[in-house]
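Contents: one structure, followed by commentary.
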Amino acid sequence: MTESDMEILLNAGENGAEAPKIVVPIDEDMDTVKSDAPNTVDELAMELATIKQSAKKIAIIGSRNLPITHQQMIETLSTALVMQGNTIITSGGSSGTNAAAIRGAMKANPDKLCVILPQTIGQQPSDVQDQLIGVPNIIEHSDRAMMTLADASRVCNREIIDECNQLICFLSHTSKTLHNAVQYAEEGHKVITVFYLD
């Protein structure tokens, strides 16, 4: 055995009898801290507490361009998460991820759904306004009325992430706005699940 092998020999014998030796390889990276690891013990404790919580605020955001099968899966996921006692936070949307999350949460318990709009209800297309009928917790932002929808959506995604314990995001590799949202969630040490659609 050479020094570079980094192995430990364990004696498996009983009563001092000689027995076959077991070779256990040692991972050299085992004792290193990755660059994306939390900077402090407090941050790590906060992440562990979030994972252990029985009821969480879970943000679901993502692409508008989804096949119906993906939308059905997101709707089912949203329903199941609410039935477990979680609150779903998302934004408005007539199709795609956000719409599916809204439909799923509304089936299970409308009071466990919070929709944060990038602007006002009046600025949403009529099909989005129709979908939001009956949603009890809607947050509008008239102060963003003069922003472009793209800019207002970026700010809205950050607000949604600030409110949640965990982020679930459905996106493609080319979606810059959603990649920025995931990066923002990473910087905030949120629990993140990302599903790539391409």
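All of the numbers you see were taken from the coordinates with simple rules; none came from a lab. These numbers were taken from a predicted model, which means no experiment stands behind them. Methodologically, a virtual Cβ is constructed for each residue, glycine included, from the backbone with ideal geometry; neighbour enumeration extends over all protein chains shown.
If you check Ser175 against the conditions, is it surrounded by 14 or more Cβ atoms within 10 Å (Cβ to Cβ), within 19 Å of Arg64 (Cα to Cα), polar (S, T, N, Q) and in contact with an Asp or Glu (Cβ under 6 Å, 6 or more places away or on another chain)?
No.
Which is in contact (Cβ under 8 Å) with a residue 12 or more places away in the chain, outside any helix (DSSP H, G or I) and under 21 Å from Ser175 (Cβ atoms), of Ser78, Ser94? After applying the criteria, what remains is Ser94.
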